[in-house]
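Accompanying notes for the structure given below.
The values are calculated or read from the model by the stated rules, or taken from the named source; none is laboratory data. Keep in mind it's a predicted model, so treat the numbers as computed, not measured. Counting neighbours? That spans all protein chains shown, and the Cβs are built from the backbone with ideal geometry, glycine included.
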Amino acid sequence: MKVTVSRKAHFNAAHRLFRKEWSDKKNNSVFGKCSNPHYHGHNYELIVHVTGLVDPKTGYVIDMKILKELIKSEVEDKMDHKNLNEEVPEFVEMIPTAENIAIVIYNKLKPHLNSKHSLEVTLYETPRNFVSYSG
Ligand code: NI
């Protein structure tokens, strides 16, 4: 029987959504407040869902301590209190929208999981705006 286990995490980070080849005016018309040239922060809420078979010996899909440590080392340590555009290498060329951040988080976590497990990442940029990515 397959069960989904989920772990919540949180990080604060700054970003700016813009294309450098566009004027500030054009960036503002496409990205609105998120294109502020002086950056701004979000309180990101992350939910990591892992789906797999329950191990008959442990009763676990995945040990939550392991999942917690993985989220800390791969996401929190790399993104918390960072300027995403300038301090996270993936976003030097990729715009750090919630969509792209979710994809980057998925790609950082996936290689560390059992290949039989499926992963879904849900990322809240605001309490009302959130995205999900499952590969
Ligand atoms: Ni923003």
- Note on the structure: Of the residues in segment 74-126, those that are away from the ligand (no atom under 14 Å from the Cβ), more than 21 Å from residue 51 (Cα to Cα) and part of a loop (DSSP other than H, G, I, E, B) number 6
- Item | Some residue of segment 63-72 being surrounded by 17 or more Cβ atoms within 10 Å (Cβ to Cβ) and within 16 Å of the ligand (Cβ to nearest atom) | no
- In segment 9-27, is there at least one residue being crowded, with 17+ Cβ neighbours inside 10 Å, without any contact (Cβ under 8 Å) to a residue 40 or more places away in the chain, farther than 19 Å from residue 74 by Cβ and not small (Gly, Ala, Ser)? yes
- Scan segment 28-45 and report the pairs whose first residue is within 14 Å of residue 95 (Cβ to Cβ) and whose second residue is more than 8 Å from the ligand (Cβ to nearest atom) and in a helix (DSSP H, G or I), with Cβ atoms within less than 8 Å and a gap of 6+ or a chain change. 35/24; 35/27; 35/28; 39/85
- Task: Select from segment 5-27 the residues that are more than 15 Å from residue 94 (Cβ to Cβ) and in a strand (DSSP E or B) and list them in ascending order.
- Result: 5, 6, 7, 8, 9, 10, 11, 12, 14
- Query: Would it be correct to say that residue 130 is under 14 Å from residue 13 (Cα atoms) and of a type outside the set (A, V, I, L, M)?
  - Reply: no
- Message: If I ask for residues that are at pLDDT 95 or above, among the polar types (S, T, N, Q) and away from the ligand (no atom under 14 Å from the Cβ), which ones from segment 1-57 would you list?
- Response: 4, 6, 29, 51
- Query: Using beta carbons and a limit of 7 Å, which pairs, at least six apart or on different chains, have the first residue in segment 72-86 and under 13 Å from residue 40 (Cα atoms) and the second one among the β-branched types (Val, Ile, Thr) and part of a loop (DSSP other than H, G, I, E, B)?
  - Reply: 82/88
- Task: Within segment 36-62, work out how many residues are over 13 Å from the mean Cα position of the chain (by Cα), surrounded by 14 or more Cβ atoms within 10 Å (Cβ to Cβ) and not in a loop (DSSP other than H, G, I, E, B).
- Result: 3
